[in-house]
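Taking it in order: structure first as structure tokens, then the write-up.
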Amino acid sequence: MSILTAVAHTVRALAADAVEQARSGHPGLPLGCAEIGAVLFGQVLRHDPSSPRWPNRDRFILSAGHGSMLLYALLHLSGYDVPMEELRRFRQLGSRTPGHPEYGVTPGVETTTGPLGQGLGNAVGMALAEALLAQRFNRPGYPIVDHHTFVLASDGDMMEGVAAEAASLAGHLRLGKLIVIYDANRISIDGSTDLTFTESVADRFRAYGWAVETVDGHDAQAVAASLSRARNTQDRPTLIVAHTRIARHSPKEGSAESHGAPLGEEAVRALKEAIGFPPQPFYVPPEVAAYFAGKRRAWQRARREWEEMFAAWSQEYPDLRRQWDEAHELLLPNGLEQELAELDADKPMATRQASGRALQVVAARVPYLVGGSADLTPSNNSDIKGARAVAAGQWDGRNIHFGVREHGMGAIANGMALHGGVRPYAATFLVFSDYMRPAVRMSALMKLPVIYLFTHDSVYLGEDGPTHQPIEQLESLRLIPNLRVYRPATAKETALAWWHALRRLDGPTALALSRQKLPPLPGAATDEASFARGGYVIRPESGGAAVRLVLVATGSEVATAWTVAERLEEQGYPVRVVSVPCREVFLEQPESYRDAVLGGDGARRLIVEAGAGAGWYRLARPGDRVVSLERFGESGPGSQVAEKLGIGIEGVLAAAKALLAAK
């Protein structure tokens, strides 16, 4: 038995044992892809388990995350901090071996995979980041950025649209250091893929511009040879179609029954007999342990050689080393906060336009900021002026044209953030955030500092009609844990929202920005510390009388509330206006602060937003009111649509008077 075969069989036995002990899991893929895993971790990958975050390591992404025991077994054998006890605790609460791989939980796991296709999209982002960093930092004799990104994907990954979007862009950009192994076992949960999926994936990827090879996924030498050729293909990404049998060597080989359920004690016993392993659970042959011990020494030597080169490069190019540290630590330059805080407007300006101004200030001071739009660059105001577009072989660009691929754009941005060394932003219309919602959710789950620019944020965009007028999107995004959503009301608030997005490193931030121009408001975030608390009094009540009514709003509705307050005060009512640019942050403040801002017990609250209002009832009390949109919009000039739907000045004024008149 060759050593790679022994490694593959060890992976099979460990995976079967772990799933059996957990009474839950997906044994089929680990058994079917064991040879592929053995070749990758036993021969191909350049990594060092003693330094899991080594910047120049090859990345491996198990896009088919349901087969997590394949990865956990290989991480254990390789020497990552995944001891045997953690394999025994597979899928148990608090273990390092959760049901699907989770970034930040298990050393050696590069991204959280579970929703199929996301991992492949992340890998495209990682490969793109590698190309951008290599262009920026490599110098003759110093290839400090030189690594590959490997993916293991399933039939399910290939069915998902996000994978198609990301693969299409990868082929267009000719990302030669991206290698995808497609586990073509022709089985999904429902049964044979003949039920639903009979296209030629190989031909599809050829059309994308990929190099494509086909191998027997159980022939370790053939897999190794194919991977070697892929590593030497620099002008385009490579897809390796590996034909395998799910649950290989078990009595359930080739059956959909093995996809997502334990094999059963008898089947596990039969598997071990078939591969020549003893019946004892969690057995690792001595020759396999010795093989990986030798590999660990070689991996450490390779990493130390790179570190010596990196030290010499740092000495010869100290300015580049400073930039490297800033980019990998996401450091912000001194004075940037003040520059952004000073951005204001003395005339009406759309917040998407204000965001574009802030972007130029940031881009000039933060060279590792890169990003782009889903074919809406002029509408989103999302291009970095004076910078080139990223294109195949043109890796000194900073503007990424993602094409009409929101789903892929979100996954790619996540991959760039996971790789490190760049700070990605992604832009589209707010209504199309639904197309990238799974990726936004994964960004929040992984605590990635991605910045989203969502423009055309309400029915005020007007004539494009209800298909493009967001209603539920703002509230839907606010429901995602760990995502902060800013909806600024003025140019100044927009610039400050950019600052808070930049300084946040433990999760993503979304900016919801207006298409229409909004007037400057003299009280807008005059005190940055108040803005930083998510909500503040933008217009205090006048005359020193006790406040009767507090108008609470975000974005364009703050100006509406301001006008309504002026009219009511002309009639003798003391009215306060509160801007809540980030409700999530405001709700994190002490109750005493929130009550002070919102007027205490003696004031009624009228909350106004041009979108679904369910979440605003957290700030409403009995007797208060929320004016929101619980229906779709209409086609027409934005201000006319708003008035018809009851969220324009006249509609809000009527609601305010009714609230003041109520007992």
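The values are calculated or read from the model by the stated rules, or taken from the named source; none is laboratory data. These numbers come from a predicted model, not from an experiment. Because the Cβ atoms are built from the backbone with ideal geometry, glycine has one as well, and the counts that use them run over all protein chains shown.
All of P449, P438 fail the test of being in contact (Cβ under 8 Å) with a residue 40 or more places away in the chain, within 24 Å of A129 (Cβ to Cβ) and either assigned to a helix (DSSP H, G or I) or of a type in the set (G, A, S) (or both), apart from P438. When the range 274-298 is limited to residues that are under 16 Å from V7 (Cα atoms) and charged (D, E, K, R), the one that is farthest from the chain's Cα centre (by Cα) turns out to be E287.
Residue selection: N399 fails the criterion of being exposed (fewer than 15 other Cβ atoms within 10 Å of the Cβ) and free of Cβ contacts under 8 Å to residues at least 60 places away in the same chain.
Report whether or not D325 is charged (D, E, K, R) and in a helix (DSSP H, G or I). Yes. The set of residues in the range 462-505 being at positive phi and touching a residue at least 60 places away in the same chain (Cβ under 8 Å) consists of G462, G465.
Out of curiosity, is G94 touching a residue at least 12 places away in the same chain (Cβ under 8 Å) and not aliphatic (A, V, I, L, M)? When the stated conditions are applied, G94 does not pass them. Of the helices (runs of 4 or more DSSP H) lying entirely inside the range 564-663, those containing at least 3 residues that are closer than 30 Å to E528 by Cα and modelled with pLDDT of 95 or more are 583-588, 591-598, 649-661. Put simply, of S228, S192, S200 the only residue that is assigned by TED's automatic domain parsing to the domain that holds A270, under 28 Å from Q394 (Cα atoms) and out of contact with any Gly (no Cβ under 9 Å at 6 or more places or on another chain) is S228.
Please go through the range 185-211 and give me each residue that is farther than 22 Å from H148 by Cα and not in a loop (DSSP other than H, G, I, E, B), ordered by number. Working first, answer last.
Going residue by residue through the range 185-211, those that are farther than 22 Å from H148 by Cα are 185-201, 203-204, 207.
Selection gives I187, S188, G191, S192, T193, D194, L195, V201, D203, R204, A207.
Within the range 284-312, residues that are of a type in the set (D, E) sit with their Cβ atoms under 9 Å from residues that are in a helix (DSSP H, G or I), at 6+ positions apart or across chains, in these pairs: E287/I3; E287/A6. Would you confirm, using the coordinates I've provided, whether T214 is assigned by TED's automatic domain parsing to the domain that holds I179, surrounded by fewer than 21 Cβ atoms within 10 Å (Cβ to Cβ), part of a strand (DSSP E or B) and within 34 Å of the chain's Cα centre (by Cα)? Taking the combined requirement at face value, the residue satisfies it.
Per-residue answers, yes or no, for (1) buried (at least 23 other Cβ atoms within 10 Å of the Cβ); (2) touching a His at 6+ places or on another chain (Cβ under 8 Å); (3) assigned to a strand (DSSP E or B):
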{"position": "A16", "(1), (2), (3)": "yes, no, no"}
{"position": "V19", "(1), (2), (3)": "yes, yes, no"}
{"position": "G25", "(1), (2), (3)": "yes, no, no"}
{"position": "P30", "(1), (2), (3)": "yes, no, no"}
{"position": "P52", "(1), (2), (3)": "no, no, no"}
{"position": "N56", "(1), (2), (3)": "no, yes, no"}
{"position": "G67", "(1), (2), (3)": "yes, yes, no"}
{"position": "H76", "(1), (2), (3)": "yes, no, no"}
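Looking at E165, E130, just one residue is in contact with a Ser or Thr (Cβ under 8 Å, 6 or more places away or on another chain), assigned to a helix (DSSP H, G or I) and either β-branched (V, I, T) or surrounded by 24 or more Cβ atoms within 10 Å (Cβ to Cβ) (or both), and that residue is E130.
E266 meets all of the listed conditions (1) part of a loop (DSSP other than H, G, I, E, B); (2) over 18 Å from I181 (Cβ atoms) but one, namely (1). Counting residues in the range 150-168 that are over 21 Å from S200 (Cα atoms) and more than 17 Å from the chain's Cα centre (by Cα) gives one or more.
Taking (1) touching a strand residue (DSSP E or B) at 6+ places or on another chain (Cβ under 8 Å); (2) over 22 Å from W54 (Cα atoms); (3) surrounded by fewer than 24 Cβ atoms within 10 Å (Cβ to Cβ) in turn, S95 satisfies each apart from (1).
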